[in-house]
Amino acid sequence: MKDEFKAVFDALVREGFHQLPDRSPDSGKPFEFKITPYSLNTKLSFKFENLAHFIEFLKLSAIQGDEKILLLNNTFIELGLDPNDFFYVNFYEKGKDAEL
């Protein structure tokens with residue numbers, strides 16, 4: 001695991017999520033995420049330098065694949081975000097997005 005992502009993975013493990021490297025899919029709860037141009041000021045809100053940086057993180061986690069990357073590109077277009085600028089990713093328990 002790259003050191004630059006260690007804080008993100010450690011925080012997700014502390015919260016009991018399982019979509020992580022070297023974790024059994026049955027060892028915890030699934031997570032989802034939202035991309036925003038700002039931090040939601042939660043313990044699971046992390047800054048990524050650009051879309052390529054986030055895609056690198058996704059490849060190290062269990063969330064990967066061309067379909068997800070295409071969806072990310074569409075999300076950036078819809079949000080009016082520049083994929084070359086920083087943004088925040090706010091992780092949360094799957095099914096709890098109404099709280100964000």
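The values are calculated or read from the model by the stated rules, or taken from the named source; none is laboratory data. Computed from a predicted structure; not experimentally measured. As a convention, Cβ positions derive from the backbone with ideal geometry for all residues, glycine included, and neighbour counts pool all protein chains shown. With ligands, DNA and RNA removed, areas are computed over all heavy atoms of the protein, side chains included. Shrake-Rupley method; radii C 1.70, N 1.55, O 1.52, S 1.80 Å.
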Taking all protein chains together and a probe of 1.4 Å, list Thr75, Thr42 from the most accessible to the least accessible. Thr42, Thr75
Please go through the residue pairs Lys59/Lys94; Lys47/Lys94; Lys2/Lys94; Lys29/Lys59 and name each one whose alpha carbons sit more than 22 Å apart in this structure. Lys2/Lys94
Separation between the Asp82 and Lys6 pseudo-spin-labels, each 7 Å from Cα along Cα→Cβ, expressed in nm? 3.2 nm
At 1.4 Å probe size, with no ligands or nucleic acids counted, give the accessible surface of Glu56 in Å², nearest ten. 60 Å²
Of Phe46, Phe86, Phe31, which has the most accessible area with a 1.4 Å probe, and how do the rest follow in descending order? Phe86, Phe46, Phe31
Total charge of the residues flanking Lys43 in space, meaning their Cβ is under 9 Å from its Cβ, with Lys and Arg +1 and Asp and Glu -1, is 0
